[in-house]
Ligand code: HEM
């Protein structure tokens, strides 16, 4: 990037003229005598000569660099991110355009804020832009960035992603988790039923639901003891710790001194011991029971099988990689946070919009035909439910800036030159609220998703909650049925109002950034049976 920026800076920056003038004045101040006048005059002439010599050379190599907001020394544009970066970047893009160049410390970062720009990134330049930058915390917590989400593009990432897509999260495999999904939703509905007439914290309820489903599917059983939840919380919290060394390398000693590296290493070690325990538990169970049918296999069983089968396409799944799949699974992070954040936003929008809630309750009630609950196979007959979830993901994209990409070569993006090594961020949150794409973009109107072909896989760049291209989220088939089934059953069985006489329409929808963009205050509701 510096290479690209170099020539343009010298040619186009008016500060060069100011600098020559400033230099001349300084020389006159330092050497006021008449002999020195000659010396200073010749220096000025030399500087002008060098500058003029640059012009033809520069114009030949001139690069078209994206517009940039003014940056500060050392920190670059960090100060412009604020507490909700997606929103502040959206505001900046209204001034600087859909492609802008910012600097986070010394890291040049392109921000794409329009569907057209996202389309170019994910379709035309997907191969050049599908690597990931190295980030300090994931590097420590994921065995040297061995996780699929954070590993750079290459053979390792391809093999690991195909294991996740084909072996753990394929359509057939996800269907086989039906019982776990339904069991846990029945459990949640029972707890809600018992809490009727009292205020329920739906945020915590959704955390337990997603955590229990993912633990059962990935690890074979629930882990909800205090020790485990505390470890998980500390692990997740590490992702929100800002590492200065990742952006200003010569200040990386600060991360050691302030203890953040030490804390991350300690948590990584504790989690490693926890996962080792689970793997050993599975191995000894397998030894006792011998080879059995695939029925009821969890992710650990499947991964241990792949590890045993060393001949499988010449790829050896090392123990660290196995643990990292479980660890992230991108379960705990990719899976849980995003899924429960989506659940909480969707239910909040329904509560705030009684018209939509009523229409959805009519749909689910009609399909349920008096049965005690909604099942997986009913979901296909509920177009309005699907539209509600899509509209909620449009307004509340859980990963608003997706996951940063990194350019593997120089490219031209919407006419701008982007150098190899540049970080590329897509502001999916801003695209989802772009008035050029969405009528009344701030209104919750699920009807806009009825009778259209917008799918989850990122083929439509105006709506990208799961990203797109080679790096698209592989957890779509897993999380969408969980969210749909939970919402369908909750609105089928219960009516909800806000406590303390607050009108439903006045529900506080403030956002907060953790790993995802979450509701700032947990959703608390008074629940009553519908029938
Ligand atoms: C509502 C739920 C979810 C949302 C909104 C979501 C969103 C995302 C997004 C935006 C990305 C980055 C895509 C890109 O860079 O273009 C991603 C990547 C990923 N997600 Fe999800 N996700 C969800 C659920 C899940 C679940 C349940 C799992 C696993 C069980 C999962 C596993 C992953 C993995 C492994 C990646 C990395 C893909 C790669 O880098 O190649 N996600 N997700």
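Below, the figures for the structure above:
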| read-out | value |
| --- | --- |
| Region 152-168 - residue that is within 10 Å of the ligand (Cβ to nearest atom) and either at pLDDT below 90 or in a helix (DSSP H, G or I) (or both) and, of those, surrounded by the fewest Cβ atoms within 10 Å (Cβ to Cβ) | 158 |
| Failed condition for residue 120, given (1) more than 13 Å from the ligand (Cβ to nearest atom); (2) modelled with pLDDT of 95 or more; (3) out of contact with any strand residue (DSSP E or B) (no Cβ under 7 Å at 6 or more places or on another chain) | (3) |
| Within region 449-475, considering residues that are within 7 Å of the ligand (Cβ to nearest atom) and free of Cβ contacts under 8 Å to residues at least 24 places away in the same chain, the one farthest from residue 213 (Cα to Cα) | 472 |
| Residue among 447, 443, 439, 391 that is within 30 Å of residue 353 (Cβ to Cβ) and crowded, with 17+ Cβ neighbours inside 10 Å | 391 |
| Conditions (1) in a loop (DSSP other than H, G, I, E, B); (2) within 16 Å of the ligand (Cβ to nearest atom); (3) surrounded by 18 or more Cβ atoms within 10 Å (Cβ to Cβ): number failed by residue 482 | (1) |
| Unique match (being on the phi > 0 side of the Ramachandran plot, surrounded by 15 or more Cβ atoms within 10 Å (Cβ to Cβ) and touching a helix residue (DSSP H, G or I) at 6+ places or on another chain (Cβ under 7 Å)) among 203, 245, 220 | 220 |
| Residue check for residue 443: assigned to a loop (DSSP other than H, G, I, E, B), more than 16 Å from the ligand (Cβ to nearest atom) and more than 17 Å from residue 93 (Cα to Cα) | yes |
| Residues of region 146-169 that turn out to be under 16 Å from residue 238 (Cβ atoms) and without any contact (Cβ under 8 Å) to a residue 12 or more places away in the chain, as a count | 0 |
| In region 198-222, residue nearest to residue 187 (Cα to Cα) [restricted to those that are more than 16 Å from the ligand (Cβ to nearest atom) and over 24 Å from the mean Cα position of the chain (by Cα)] | 222 |
| Residue among 85, 138 that is surrounded by fewer than 22 Cβ atoms within 10 Å (Cβ to Cβ), within 16 Å of the ligand (Cβ to nearest atom) and within 22 Å of residue 249 (Cβ to Cβ) | 85 |
| Qualifying helices (runs of 4 or more DSSP H) (wholly inside region 256-354; at least 3 residues being modelled with pLDDT of 85 or more and closer than 30 Å to residue 394 by Cβ) | 338-352 |
| Within region 358-376, considering residues that are within 33 Å of the chain's Cα centre (by Cα) and part of a loop (DSSP other than H, G, I, E, B), the one surrounded by the most Cβ atoms within 10 Å (Cβ to Cβ) | 374 |
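The values are calculated or read from the model by the stated rules, or taken from the named source; none is laboratory data. Predicted model, so just to flag it, every value in this text is computed and none were measured. Glycine gets a Cβ as well: all are built from the backbone with ideal geometry, and neighbour counts include every protein chain shown.
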